[in-house]
Amino acid sequence: MSGRATGVAILGATGSIGKSALAVVRQHPDRFRPVVLTAHRNAGALAALVSEHRPALAVVADPSAASGVYSAGPTRWASGREALLEAATHPDVDVVLNALVGAAGLEPTLAALRAGKRVALANKESLVCAGPLVMRAAEEGGGRLLPVDSEHSAIFQCLQGSQWREVERLLITASGGPFRGWTPERLAAATPADALRHPTWSMGSKVTIDSATLANKALEVIEAHFLFGVPYDRIQAVVHPQSVIHSMVEFVDGSVLAQMGFPTMEIPVLYALAYPERLPYACRRFDPVAAGTLTFEPLHADRFRAFALGVEAGRAGGTAPAVFNAANEVAVAAFLEGGLSFPGIAAAIDDALARWPGGEAATLDDVLRADAWARGVTRTFVRG
Ligand code: NAD
Ligand code: MG
């Protein structure tokens, strides 16, 4: 990749991670060139990014939102599922930053890895739905997965220079979300506005709700399991309200490495794009005195049932994690629309997993069928 700028596709350029990625690219215009930018429906916001960055391809994923935005200039505009796959495999792209939200990110992840691309993965749902398929696509296509999720970037950074057999345990930190310490009675009445008020991170609405239910931490445990090949009984989540330590690795000799800094997604994005190099970056520098006291608490899986259900689904394997993910996506959307209570999210997931008939996730078709089945079951639960 030396000699010319790394070609980057930013899938989900209009989102929270997409914005962090464009901030990174702006600081290193000689190193990173946005070749492809995509959005779901907000064609206007994408058009503004296109006139700034002049990519080769711009994709509005939802065809019904794609009319009337075709600007003059070097950019070709396209829309629909095929266009999103084209975005993930574009010949001038070296790195695909997958910042889509939900299971919609799975097929682009698979396509990019099969085409031999580096995939900087923010879309944890890809790995949760189809971990073995994603890892196999990387192996067969010669692509490489690099984590963007802050916890996984932290673990990946701590693992540099060590062997797999030297790793004892992964310690994934969780802020605890806005409802840390809330009683079940208070949780029962929690509103979307309460849940969207995250104490340490500013993110898209789906992952923010996932951080309130702690479903996000279960998704991250599953993500870590597949990404690092570590069994579930050697992955532990711990609450760390300050979000300064982004995660830790314990080695067989008892030594523990932690990666830390003030919360920002720009650093993990930069690390995934530039790896194995570290590039200079202008950001708020770490100040241990300003960070103050760092504390840790157990994660109360009994109070945050979505977490326990997700880890259980991960352990069950097959299509259970895809069912967990799909049920969660539908339940979160229903909660945000006012059609489900906060505890209803975990109840909906529980219902779908209880009805899950079992099944292997051997092919993409298996996964897509389980995903569609779980969405149907959960919509029925929500209406019920
Ligand atoms: P977001 O909602 O802010 O942005 C999502 C982006 O994907 C938008 O550009 C949107 O237009 C696009 N998109 C949404 N649905 C789509 C669909 N069905 N088809 C095509 N495009 C679609 O979300 P975000 O907070 O940036 O999160 C993106 C991913 O990164 C999620 O998987 C999330 O869990 C993960 N993540 C986010 C953060 C964070 O700080 N925001 C941190 C860690 C991991
Ligand atoms: Mg995370």
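The values are calculated or read from the model by the stated rules, or taken from the named source; none is laboratory data. Computed from a predicted model, the values in this text were never measured in an experiment. With ideal geometry, Cβ positions are generated from the backbone for all residues, glycine too; neighbour counts draw on all protein chains shown. For the accessible areas, the whole protein counts, side chains as well, though only heavy atoms, and no ligand, DNA or RNA atoms are used. Shrake-Rupley method; radii C 1.70, N 1.55, O 1.52, S 1.80 Å.
Each residue was assigned an accessible area with a 1.4 Å probe, and for D253 the value is about 120 Å². Carbon-plus-sulfur accessible fraction, region 65-213 (probe radius 1.4 Å, protein heavy atoms only): 50%.
Compactness of region 21-123, taken as the C-alpha radius of gyration over 2.2 N^0.38 Å, stands at 1.00.
Distant-in-sequence amide contacts of M260, defined by a placed amide H-H separation under 5 Å and a gap of 5 or more residues or a different chain, comprise H246.
Phi-derived couplings, Karplus 6.51 cos²θ - 1.76 cosθ + 1.60 at θ = phi - 60°, listed residue by residue for region 288-299: x, 5, 5, 5, x, 6, 9, 10, 9, 9, x, 8 Hz, with x used for Gly and Pro.
Note on the chain: with a GNM built from Cα contacts shorter than 10 Å, the maximum mean-square fluctuation among L219, L57, L84 falls on L57.
For region 130-178, a crude dipole built from +1 on the beta carbon of Lys and Arg and -1 on the beta carbon of Asp and Glu, taken about the Cα centre, is about 40 debye to the nearest 20.
Under 5 Å between amide hydrogens, built in the peptide plane, is the criterion, and for G176 it picks out H240 among residues at least 5 positions away or on other chains. Under a Gaussian network description of the chain, with springs only between Cα atoms under 10 Å, the residue in G131, G102, G254 that fluctuates furthest is G254.
In debye to the nearest 20, how big a dipole does the chain give about its Cα centre with +1 on each Lys and Arg Cβ and -1 on each Asp and Glu Cβ? All intermediate terms of the calculation are to be shown ahead of the outcome.
On the way: 34 positive and 37 negative charges, 151 e Å.
With only Lys, Arg, Asp and Glu charged at Cβ, the dipole is about 720 debye.
Each of G229, L257, A291 was scored by the projection of its Cα onto the charge dipole of region 225-315, and the greatest displacement toward the positive side belongs to A291; charges sit on the C-beta of Lys, Arg, Asp and Glu.
Taking every protein chain into account, the accessible area of region 53-205 amounts to 40 square angstrom per residue (probe 1.4 Å). The figure for R315 is an accessible area of roughly 140 square angstrom, using a 1.4 Å probe on the protein chains alone. Ligands, DNA and RNA are left out, and with a 1.4 angstrom probe the accessible area of region 219-310 is 46 Å² per residue. A simple charge model with +1 on the Cβ of Lys and Arg, -1 on the Cβ of Asp and Glu and nothing else charged puts the dipole of region 1-125 at about 240 debye relative to its Cα centre. In region 109-250, taking the dipole from charged Cβ atoms about the Cα centre, the farthest positive-side position among N123, M248, S211 is held by N123.
Share of carbon and sulfur in the accessible area of region 252-384 stands at 55%, probe radius 1.4 Å.
Legend: Rg and Dmax of the chain, from Cα coordinates, 20.1, 61 Å.
Rounded to the nearest whole Hz, the Karplus-based 3J(HN,Hα) values (6.51 cos²θ - 1.76 cosθ + 1.60, θ = phi - 60°) of region 93-108 follow the sequence 9, 9, 10, 9, 8, 8, 10, 6, 10, x, 4, 4, x, 5, 5, x, with x at glycine and proline.
Among S51, S126, S175, the largest mean-square fluctuation in a Gaussian network model of the chain, built with springs joining Cα atoms closer than 10 Å, belongs to S51.
If the label point is 7 Å along Cα→Cβ of E360, which residues in region 118-144 have backbone nitrogen under 14 Å from it? Within reach of a label on E360: 132-133.
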